[in-house]
Amino acid sequence: MKNLNKIVIVAGTLAFIGAAAAFCAEPTGIPGKKTLEIVVATDGGKVKTAAPIGNAIAGSIIYSQYCSACHQPDGKGLNSMLAADLTKPERLNKSNEELLGSISKGVQGKIGFMPGWGGVLTEQQMKDVLQYIRDEFTQTKK
């Protein structure tokens, strides 16, 4: 089982955070400084970081337009009767590449086929919606 910990980094402290902090930042109380929250999963001493790949705010709009009819606003897909339950860890534990491939090309599920959105959404829009799904439906959030 993975242990999830949150680390808050002051933007500008590490140069690689750069533009990512601009869209997922929260005020720190320090003039001119913002924070970026990165979830770190440790599994048997191995550390994995989930750096943001998209803009979750933009992704929420895309999700409501293209995804929520089947997956529902709560991500549960009517308890998996209508679509895959996006809140289940086995779904969100997949890599960004695998999930982006499913969004782009579609996927055959247990109850039907999810169409691919690669011809409708841009690559950035797919990253944005994936970021929203990860931020909104990860069960570790408090």
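Brief remarks follow.
- Odd one out for Ala83, checked against (1) surrounded by fewer than 19 Cβ atoms within 10 Å (Cβ to Cβ); (2) in a loop (DSSP other than H, G, I, E, B): (1)
- Within segment 113-142, the only residue that satisfies the criterion of being small (Gly, Ala, Ser) and exposed (fewer than 12 other Cβ atoms within 10 Å of the Cβ) is Gly119.
- Yes/no for Ser80 being closer than 19 Å to Ile62 by Cα and of a type in the set (Ser, Thr, Tyr): no
- For Leu121, the conditions (1) within 12 Å of the chain's Cα centre (by Cα); (2) part of a loop (DSSP other than H, G, I, E, B) all hold with the exception of (1).
- Any hit, segment 88-104, residues being in contact with a Gly (Cβ under 8 Å, 6 or more places away or on another chain) and at pLDDT 95 or above: yes
The values are calculated or read from the model by the stated rules, or taken from the named source; none is laboratory data. Values in this document were obtained by computation on a predicted structure and should not be read as measured data. When we count neighbours, we look across all protein chains shown, and the Cβ atoms used for this are built from the backbone with ideal geometry, even at glycine.
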